[in-house]
Amino acid sequence: MSTAIPSIGTPLSPVSPQAFAVRTLIIVTVSLCAAIGLLVTALVLYAVVRYRDRGDGAQPRQTGGNRKVELAYTLIPLGIQAGLFSFTVMTMRAAEPPVYNGRPDLVIVAHQWWWELHYPGAGIVSANEIHLPAGRQVLTALQSADVIHELWIPRMGPKMDAVPGLDNRLRLEANQPAVYLGNCAEFCGVGHAWMRLRVVVQSPADFAAWERQMSQPPPPMFGEAKLGREFFQTHTCIQCHTIEGLGPPQDVGPDLTHFASRATLGAGAAPNTPEELGRWLNNPQSIKPGCYMPHMQLSSSEIKELTAYLEALK
Ligand code: CUA
């Protein structure tokens with residue numbers, strides 16, 4: 001998979017019905033306000049020129065108490081406000097349609113500073129890279145493991161808070177296969193800016209292939225990779241990260257069972273290459289300041305072995 005980091009995009013290039021509704025509201029509101037602004041500016045300029053002091057000391061005709069004008073400038077803005085208000089309420093309903101409380105297809109748990117992902121139906125656990133089938137609504141539960149975060153994938157719809165103790169629901173969908181970017185949109189501590197999310201939207205066939213790949217156990221390891229696995233299993237790595245078959249599930253740090261299938265590491269902090277992973281293992285804070293992975297004081301051969309192991313976890 002390409003490690004190029006695509007542009008995060010804006011709500012002006014929507015790919016879901018929810019995001020289309022948001023864009024329509026933006027366009028209507030901005031156009032209407034711009035038209036009013038231009039009209040008022042033109043009228044002010046007209047009055048300034050037409051009724052300027054011509055040096056003859058004459059005053060323009062003085063008028064006051066025009067009921068028709070007063071009614072017009074009260075009722076027309078009131079009508080515009082009422083129209084915008086109703087349109088905004090309709091957009092809110094379209095952008096966040098009611099969702100039922102059945103079993104979600106996808107559970108997203110926000111952490112400082114990464115995203116834990118579960119697909120309960122398929123039994124898949126992953127992190128920081130959501131895969132979705134194109135053109136299908138995915139019922140999503142959004143939760144938090146620590147503080148308030150906020151999920152925002154600008155091209156896919158409005159933001160939603162991840163609040164400790166709450167189980168917020170939303171629908172995620174996109175009409176065309178592509179990679180979309182999201183980010184945490186609520187300040188949540190020092191790593192907030194590096195709490196990124198990749199959303200890989202695939203054709204249903206590609207998505208099914210991804211699900212099959214994610215259901216595979218890790219492959220057998222040889223040589224350096226095997227030494228890396230032994231190190232991982234016998235040191236503190238195993239107390240924070242899950243790798244299927246190595247120990248009990250942990251959710252302090254991201255699940256690494258299919259780490260090498262992801263395009264980035266550190267929730268978008270760097271491309272997932274052996275060089276960057278080596279830098280990360282040497283000192284995570286040098287790539288993502290404040291992150292909770294400790295500086296492990298690893299030797300260069302331990303870094304090489306762990307890198308060989310982790311990059312084999314496709
Ligand atoms: Cu999580 Cu900001």
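The values are calculated or read from the model by the stated rules, or taken from the named source; none is laboratory data. Since the structure is predicted, the reported quantities are computational estimates derived from the model, not experimental observations. All Cβ positions, even for glycine, are placed from backbone atoms using ideal geometry, and neighbour counts span all protein chains on display. Remember, those area values only see protein heavy atoms, side chains included, never the ligands or the DNA or RNA. Shrake-Rupley method; radii C 1.70, N 1.55, O 1.52, S 1.80 Å.
Below is a table of values for the structure above.
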read-out: Of residues in segment 268-290 being out of contact with any Cys (no Cβ under 9 Å at 6 or more places or on another chain) and among the hydrophobic types (A, V, I, L, M, F, W, C), the one nearest to residue 218 (Cα to Cα); value: 277
read-out: So residue 231, is it assigned to a helix (DSSP H, G or I), open to solvent by less than 50 Å² (accessible area, probe 1.4 Å) and over 20 Å from residue 126 (Cα atoms); value: yes
read-out: Hits in segment 275-308 (condition: under 21 Å from residue 129 (Cβ atoms) and open to solvent by 70 Å² or more (accessible area, probe 1.4 Å)); value: 275, 279, 292
read-out: Selection from segment 189-217 of residues that are closer than 15 Å to residue 269 by Cα and part of a strand (DSSP E or B); value: 196, 197, 198
read-out: Where a residue in segment 184-200 is free of Cβ contacts under 8 Å to residues at least 60 places away in the same chain and its partner, wherever it lies, is open to solvent by less than 20 Å² (accessible area, probe 1.4 Å), with Cβ under 6 Å and at least six apart; value: 186/149
read-out: Scan of segment 172-190 for residues that are in contact with a strand residue (DSSP E or B) (Cβ under 6 Å, 6 or more places away or on another chain) and either of a type in the set (S, T, N, Q) or surrounded by 20 or more Cβ atoms within 10 Å (Cβ to Cβ) (or both), ordered by number; value: 172, 174, 180, 182, 183, 184, 188
read-out: Scan of segment 136-151 for residues that are more than 11 Å from the ligand (Cβ to nearest atom) and either in contact with a Cys (Cβ under 6 Å, 6 or more places away or on another chain) or open to solvent by 60 Å² or more (accessible area, probe 1.4 Å) (or both), ordered by number; value: 136, 137
read-out: Test: residue in segment 115-123 that is in contact with a helix residue (DSSP H, G or I) (Cβ under 8 Å, 6 or more places away or on another chain), modelled with pLDDT under 95 and under 30 Å from residue 27 (Cα atoms); value: no
read-out: Pairs with Cβ under 6 Å, 6+ apart, first in segment 235-252 and open to solvent by 70 Å² or more (accessible area, probe 1.4 Å) and in a loop (DSSP other than H, G, I, E, B), second at pLDDT 90 or above and of a type in the set (A, V, I, L, M, F, W, C); value: 252/240
read-out: Scope segment 212-254; condition within 27 Å of residue 161 (Cα to Cα) and of a type in the set (D, E, K, R); matching residues; value: 251
read-out: Out of 158, 154, 177, sole residue that is under 12 Å from the mean Cα position of the chain (by Cα), away from the ligand (no atom under 16 Å from the Cβ) and in contact (Cβ under 8 Å) with a residue 24 or more places away in the chain; value: 158
read-out: Which numbered condition residue 272 fails, given (1) touching a Ser or Thr at 6+ places or on another chain (Cβ under 8 Å); (2) within 16 Å of the ligand (Cβ to nearest atom); value: (2)
read-out: In segment 191-207, the residues that are within 10 Å of the ligand (Cβ to nearest atom) and surrounded by fewer than 20 Cβ atoms within 10 Å (Cβ to Cβ); value: 192, 193
read-out: Tally, over segment 134-173, of residues that are outside any loop (DSSP other than H, G, I, E, B) and more than 26 Å from residue 12 (Cα to Cα); value: 3
